[in-house]
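Chemist: One structure follows; several queries about it will come next.
The values are calculated or read from the model by the stated rules, or taken from the named source; none is laboratory data. This structure is a prediction, so every number in the text was calculated from the model and none was measured. Neighbour counts run over all protein chains shown; Cβ positions are idealised from the backbone, glycine included. Just the protein is used for accessible areas: all its heavy atoms, side chains included, with ligands, DNA and RNA removed. Shrake-Rupley method; radii C 1.70, N 1.55, O 1.52, S 1.80 Å.
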Amino acid sequence: MIQLLTPANFPDYELIDCGDFEKLERFGNIVLIRPEPQAVWAKGLPEKEWTRLHHIRFKGRSATSGEWVKKDQKTPDRWHIKYHNGDVILQFRLALTSFKHLGIFPEQAVNWDYIIKCIKAFKTKQPKVLNLFAYTGGASLAARAAGAETTHVDSIKQVVSWANENQTLSGLDNIRWTVEDALKFVKREVKRGKKYHGIILDPPAYGHGPNGEKWKLEDNIQEMMQDVVTLLDEEEHFLILNTYSLGFSSVIVDNLIRSSFPKVENLESGELYLQATSGCKLPLGVFGKFFKSSKGN
């Protein structure tokens, strides 16, 4: 059964409306308008309401860059928001970047919830978790806050520094930071015979390692998955594969996991979306995930 999941523990984020290739969203007390290629339908709210509500709008100059236009210059370029899940509270620093991102993908809160649930269900007292293509560290923070020994791997040094800042803001410590090509890191861990209880992958459609290594999702993901599953602890484990690529469906992700790990248990797959207050649903990637605990499933 294909699942449709949206965050349930993120009051600091709200998708107000989306359509006409844009989204109107609130992060904390700041409302932004950003491009959204998936929003091919008409807006639910009138344009004058978008104009009234927003504080900052992103205007693209090209497919990959643009500028932020503020209604009031006193609106900050950086601010903080929080995510809550029971006793786990994470804090993130957001910033206006030249490529429309803010340092967080709010739909990923669904996966943070799953990470916390899995770690707390393990019999292992301090499970080891590996986060690949880890960006600014939402999944790493969730794993560490739930009690895991966490390794964070990303190829961009500035992004890893940003994740480290989020660790400090969240009152956490001792995450292992690694600036490296994810596939190279995994192959080295396989040779070393390393094992992890949890592995998270959120690969881009295209990317580059720190030494110019090339990543293309459809060309490299099968090799990555076949290596990654050998790193999983036999008795207790979870794995999350999340992709944001218009060419990938949840059925593809389901097939990829089953072919790489035939003995998979409790496999779930589906689509992540954000529920707009105006009523529409914004699709934002597909996932496959599975879990096994020695306490029983």
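Chemist: Restricting to region 83-107, name every residue that is surrounded by 18 or more Cβ atoms within 10 Å (Cβ to Cβ), of a type in the set (A, V, I, L, M) and more than 10 Å from residue 170 (Cα to Cα).
Modeler: 94, 96, 102, 104, listed by residue number.
Chemist: Quick check on residue 251: is it assigned to a helix (DSSP H, G or I), surrounded by fewer than 16 Cβ atoms within 10 Å (Cβ to Cβ), on the phi < 0 side of the Ramachandran plot and touching a helix residue (DSSP H, G or I) at 6+ places or on another chain (Cβ under 8 Å)?
Modeler: no
Chemist: From the list 221, 257, which residue is in contact with a Gly (Cβ under 8 Å, 6 or more places away or on another chain), open to solvent by less than 20 Å² (accessible area, probe 1.4 Å) and not in a strand (DSSP E or B)? Please lay out each step first, then the result.
Modeler: Values: 221 fails: in contact with a Gly (Cβ under 8 Å, 6 or more places away or on another chain).
From the options 221, 257, the qualifying one is 257.
Chemist: Moving on to the next point. Can you name the condition, by its number, that residue 31 falls short on among (1) touching a strand residue (DSSP E or B) at 6+ places or on another chain (Cβ under 6 Å); (2) of a type outside the set (Ser, Thr, Tyr); (3) in contact (Cβ under 8 Å) with a residue 24 or more places away in the chain?
Modeler: All conditions are met except number (1).
Chemist: Same structure again: Looking only at region 207-218, filter to residues that are more than 19 Å from the chain's Cα centre (by Cα) and in a loop (DSSP other than H, G, I, E, B); which one of those is surrounded by the most Cβ atoms within 10 Å (Cβ to Cβ)?
Modeler: In this case the residue turns out to be 213.
Chemist: Regarding region 235-246, can at least one residue be identified that is closer than 26 Å to residue 90 by Cα, of a type outside the set (D, E, K, R), part of a loop (DSSP other than H, G, I, E, B) and under 19 Å from the mean Cα position of the chain (by Cα)?
Modeler: yes
Chemist: Turning to a different aspect of this structure: Can you tell me which residue within region 113-164, out of those that are of a type in the set (S, T, N, Q) and within 13 Å of the chain's Cα centre (by Cα), is farthest from residue 92 (Cα to Cα)? Step through it out loud before you land on a result.
Modeler: Step one: filter region 113-164 for residues of a type in the set (S, T, N, Q), giving 124, 126, 131, 136, 140, 150-151, 155, 158, 161, 164.
Narrowing the set further to residues that are within 13 Å of the chain's Cα centre (by Cα) leaves 131, 136, 140.
Working: 131: 17, 136: 9, 140: 12 Å.
In this case the residue turns out to be 131.
Chemist: Given (1) assigned to a loop (DSSP other than H, G, I, E, B); (2) in contact with a helix residue (DSSP H, G or I) (Cβ under 8 Å, 6 or more places away or on another chain); (3) open to solvent by 20 Å² or more (accessible area, probe 1.4 Å), where does residue 136 come up short, assuming only one miss?
Modeler: Of (1) assigned to a loop (DSSP other than H, G, I, E, B); (2) in contact with a helix residue (DSSP H, G or I) (Cβ under 8 Å, 6 or more places away or on another chain); (3) open to solvent by 20 Å² or more (accessible area, probe 1.4 Å), only one is false for residue 136: (3).
Chemist: Being at pLDDT below 95 and open to solvent by less than 40 Å² (accessible area, probe 1.4 Å) is the requirement here; does residue 64 meet it?
Modeler: Considered against the rule, which asks whether it is at pLDDT below 95 and open to solvent by less than 40 Å² (accessible area, probe 1.4 Å), residue 64 comes out as no.
Chemist: Right, another one. Among the residues in region 34-55, are any at pLDDT 95 or above, surrounded by 15 or more Cβ atoms within 10 Å (Cβ to Cβ), hydroxyl-bearing (Ser, Thr, Tyr) and farther than 16 Å from residue 276 by Cβ?
Modeler: Scanning region 34-55, I find no residue that is at pLDDT 95 or above, surrounded by 15 or more Cβ atoms within 10 Å (Cβ to Cβ), hydroxyl-bearing (Ser, Thr, Tyr) and farther than 16 Å from residue 276 by Cβ, so the answer is no.
Listed here are the residues, each with its yes/no results for (1) within 22 Å of residue 134 (Cβ to Cβ); (2) open to solvent by less than 70 Å² (accessible area, probe 1.4 Å); (3) modelled with pLDDT of 95 or more; (4) touching a helix residue (DSSP H, G or I) at 6+ places or on another chain (Cβ under 6 Å).
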position: 244; (1), (2), (3), (4): yes, no, no, no
position: 261; (1), (2), (3), (4): yes, yes, yes, yes
position: 269; (1), (2), (3), (4): yes, yes, yes, yes
position: 277; (1), (2), (3), (4): no, no, yes, no
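Chemist: So, one more: Can you tell me how many residues within region 67-79 are open to solvent by 70 Å² or more (accessible area, probe 1.4 Å) and either of a type in the set (D, E, K, R) or within 20 Å of the chain's Cα centre (by Cα) (or both)?
Modeler: Residues flagged as open to solvent by 70 Å² or more (accessible area, probe 1.4 Å) and either of a type in the set (D, E, K, R) or within 20 Å of the chain's Cα centre (by Cα) (or both) within region 67-79 amount to 6.
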